[in-house]
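Quick note: the coordinates plus some simple rules give every number you see, no bench work behind them. This one's a predicted model, so the numbers in the text were calculated from it and none came from an experiment. In this analysis, Cβ positions are derived from the backbone assuming ideal geometry, glycine residues included, and neighbour counts consider all displayed protein chains.
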Amino acid sequence: MNYQFAAELAGRTIVITGGGRSIGREMANAAAAAKMKVAIMEVNQVNLEKAVAELKSAGGDVTGYVVDLQVESQINEAIAKIEKDLGKIEVFVNNAAFHDSAELLESSLEMWNKTFAINTAAPFLCIKAILPGMIARKSGSIINIGTVNSKMMIGSDSYTASKAALHAITRTVAVRYGKHNIRCNTIVPGTIATEVWQERIDRNPAVFENLKSWYPLGRVGKPSDITAAVLYLASDQAPWMTGTEFLVDGGLLAGFAPMYPVVEGTD
Ligand SMILES: NC(=O)c1ccc[n+]([C@@H]2O[C@H](COP(=O)([O-])OP(=O)(O)OC[C@H]3O[C@@H](n4cnc5c(N)ncnc54)[C@H](O)[C@@H]3O)[C@@H](O)[C@H]2O)c1
């Protein structure tokens, strides 16, 4: 994908959690293409090293930090190191997530807690660690990656609940720290074809084909569908956007494409 982004992003520091693969990896690619200084916080060392090596060989200014976002001390140490290595953090993207595919009756408190630790507590801890610097500089853009699941029942109980809480934190941060010129927004993706779907694809190779009909634009998303929204919210082109839920969902939440012909009797 050939991206074109706001020139003022060049030289700014962006931190992306979970950037070792999939959507986060593509965000890192786009940010590097915008000449940003990119830091990736990722638990999977193999994927992290591969992503950093590939992005660097394409000319990107990208540094990797191995972090388990379930551990508060690791988060704080990594953020302190990023500030030391790369300077002030202007943009922070809470992208990493965990998805328990078991339904409520088959899930467990352990999986519920893990889901909330990665999807909700980690963004809270990351925001807590970066805010003092952003407040001191009176500038910052925080982007939380939510999901359409938090807007209606689509699947997974704990994932849905943890992401709905993340959407709520976006609002509290946006309202509380807006006076310091800090913006906080949620991007709300629909289905994106990434590695997280692999187990589901193994069980049903036609899963994306089957999901297509629900999307008014007739396809599921790809990681690059999300990245432009991230860099737009990161840039000075979105100076009055905060506290929003920015839908990037192929029209899914606008309505169920297979439903209206049934209602109108034209099916
Ligand atoms: N793929 C979709 O259909 C879809 C739809 C809506 C929203 N989203 C959201 O988009 C974001 C990215 O999704 P994806 O499909 O790229 O997911 P993914 O599972 O492919 O990638 C997530 C990354 O986060 C990392 N990660 C997980 N736990 C971590 C931890 N404890 N510490 C550090 N890193 C950790 C993983 O190693 C992985 O690299 C997530 O927030 C997800 O909820 C995805």
Seminar exercise, completed: Once phi for every residue in region 140-147 is put through the Karplus expression 6.51 cos²θ - 1.76 cosθ + 1.60 (θ = phi - 60°), the whole-Hz ³J(HN,Hα) values, with Gly and Pro written as x, are x, 10, 10, 10, 9, 8, x, 6
Exercise. Can you work out ³J(HN,Hα) from phi for every residue in region 82-95, in order, using Karplus 6.51 cos²θ - 1.76 cosθ + 1.60 and θ = phi - 60°, giving whole Hz and x for Gly and Pro?
Worked result: 4, 5, 6, 6, 10, x, 4, 8, 8, 9, 10, 10, 7, 10
Problem set entry | Protection proxy ranking, peptides 113-121, 225-233, average beta carbon neighbours within 10 Å, highest first | 225-233, 113-121
Exercise. Near the amide H of Gly221, under 5 Å away, which other amide H atoms are found, from residues 5 or more places off or on another chain, if H is placed in the peptide plane?
Worked result: Thr191, Ile192, Ala193
Problem set entry | Residue-wise HN-Hα coupling along region 199-215, computed from phi with Karplus coefficients 6.51, -1.76, 1.60 (Hz; x: Gly, Pro) | 4, 5, 5, 4, 7, 8, x, 8, 4, 5, 4, 5, 6, 3, 5, 7, 9
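Could you calculate the FRET efficiency of Lys35 with Lys179 from 1/(1 + (r/R0)^6), where r is the beta carbon distance between them and R0 is 41 Å, rounded to 0.05?
0.85
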Exercise. Per residue of the chain, what 222 nm ellipticity follows from adding -39500 (n - 2.57) for every DSSP H run with n ≥ 4, rounded to the nearest 500?
Worked result: -13000 deg cm²/dmol
For this session: Could you compute the FRET efficiency for Lys56 and Leu109, with r as their C-beta to C-beta distance and R0 at 35 Å, rounded to 0.05?
Result: 0.25
For this session: Would you mind checking region 119-143 for residues with the amide N under 15 Å from a putative spin-label position 7 Å along Cα→C-beta of Asn76?
Result: 122, 124-133
Seminar exercise, completed: If amide H atoms are modeled at 1.01 Å from N in the peptide plane, then the residues at a separation of 5 or more from Ala39, or on another chain, having amide H under 5 Å from its own are Ile14, Val15, Ile16, Thr63
Problem set entry | Cα-based Rg / Dmax (Å) for the chain | 18.4, 63
